[in-house]
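Every read-out reported here was derived from the displayed coordinates using simple, explicitly stated rules and does not represent laboratory data. These figures come from a predicted structure and were not determined experimentally. Because the Cβ atoms are built from the backbone with ideal geometry, glycine has one as well, and the counts that use them run over all protein chains shown.
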Amino acid sequence: MTWSKLLTPNHCRSLWLSSSTSPPAEESRTSWRCCWGTGRYTHVQYERLGADVTMQCGAMDGDAAVTWTANGTDMDESQFNGSRLVLRSVDLTHSGQYACYEGSSWHLKYQTYLKVGTSPKEPVLMCRSNNYPKGFYCSWHLPSPTYIPNAFNITVMHGPRELVCEKDAFPKNRCHIRYLQLFSTVKYKVTLTVTNALGRNATTITFDEFAIVKPDPPENVVAKPVSNNPRRLEVRWQNPSSWPDPESFPLKFFLRYRPLILDQWQHVSDLSIAFTEGQGVGGKAGGLLGCRGPSLQPPPCLNSGVWGGNFCPPFLSLYPAHFSTGKQGGKEGRGV
Amino acid sequence: MMASAEQTPVTLQHHNLCSRAILLAGKIRSDVASLLESYVERQGLDRTISLDSVDGVPRAAVEQGDELTEAERLGANLQAYWAFQVLLGEVLEEQRSHLTPLDTDFHASIQSVLLQVAALAYQLEELLALLGHGRPAWEAAGPEDPGHRSLFEMKLRGLKVLQELAHWTVRSVRDLRQVTKHSRGSGTAHRGQAQKE
């Protein structure tokens, strides 16, 4: 489609919406955008990083005298080829507003906004269920920026059935799916396609219903010395509030601790902790300094959550795992 | 007059049975997970292989939000484990006769799971009887003529059996906990009623 000088802002809007739904191709790397209320329309042009770009000054003759500006600043004539502007091996600094004026009259003949970028690389996609059996979410990102706008489209298939992935308002790169079936051995297949004006890419992941279950960390983790027994510590915690049905799907917790003078974590097998003197940990909570971030260190388990309890004192952390049939865990956990 | 706040013997027995069944289901789940790993390795299969063509294995899948009665829940589980007893027996025989005739350790692993499945089925039968529910009908799947099954089909079928069994055990834990939860509620109601008298 082509633009005409007779077009009004109303025409601008409908044509821009139409062109934005067409797939990008070499000859349609450009799109039009309207500036509402001004009656003017701006041409947006997308070009690849490193490409040579030639801009025509509207309908001017090839050898007409013109002046090109970049972001309002006159450009050097060495970059002109007659009335055309030639930009060699464009980089990100070339992005900006370009305008062309007739030589003597300074009439604006052409205006465009150049955006230099790249086509998208294969996106990174992951899915996780932290609220089993309600549903799961998928989130994605690009491994490197494209510097131009991207559109993402996700499809979720469970066998022959396509499931709805409801996009989050924030962050924008995430959507939620509700489980329509439970305990199914049919795999889920999620395909994410990313498209921009310079190209398209996609990725697909396939997984079993249980494979993506990963509870959130335990909440309200508190460690206190036991009165009259400085060699013991009492730790309390709660199920993550995002886990909707701990009665039917109980969580099992793993606790690890580390005296500050040591680098190695020790795992508690029966949730009973006793410190010995000489390890730098006494009964004084005030003697414990600093905080250490959580790390994923699950022993072999069906589905493991994330280490939580990133708190001070920092030498303890807990994480929940799923599908326990033991007596550990529960609504409120406590270890001494 | 004043009723005891303790649970009735039937309720206690019910809870004990449920707890034991839950523990056993969890144990089966754990053993089947290990067995699956060794199965795919020994059969030279990829875990992601499509098993859609394999029929005759009870599927654990349920529609989200399907509300089953206590009898339906337990009955469905029992029927499944009855079927798995037969299916595991066939898988074991195929491994012994055709696929891994010398791997007696592997056969022992399958046998162990089979025995546990039989025990779980028995516990479910007891539970149904204790709760006053009838046994579900036993619907034999009518096995295909094993003679027409290729070696590859045997391998796929065995994998399907183990995969569905693994999912059934997770479902069973959920179902049994639901049954326990509901009976706790009923027990409370009974105690309240008794105290009023």
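Shielding value for A:123-136 is 0, the average number of Cβ atoms from other chains within 10 Å of each residue's Cβ. DSSP finds beta bridges in region A:128-214, and of those with both partners inside it, around 95 percent are antiparallel.
Would you order B:Leu159, B:Leu124, B:Leu12 from fewest to most other beta-carbon atoms within 10 Å of each residue's own beta-carbon?
B:Leu12, B:Leu159, B:Leu124
By how many nm would the segment from A:Asp245 to A:Leu49 lengthen if fully extended, with 0.36 nm per residue of separation less the alpha-carbon distance?
Extra length available between A:Asp245 and A:Leu49 comes to 65.5 nm.
Counting only other chain Cβ atoms within 10 Å of each residue's Cβ, the peptide A:176-184 averages 5. Peptide A:240-252 has a mean of 2 when you count, residue by residue, the C-beta atoms of other protein chains within 10 Å of its C-beta. What the phi angles of region A:238-254 give under the Karplus curve with 6.51, -1.76 and 1.60, with θ = phi - 60°, is a coupling list of 10, 4, x, 5, 6, 7, x, 9, x, 6, 7, 10, x, 9, 10, 10, 10 Hz, glycine and proline written as x. Between A:Ala64 and B:Gln85, the distance separating the two model label sites (each 7 Å from Cα on the Cα→Cβ line) works out to 9.2 nm.
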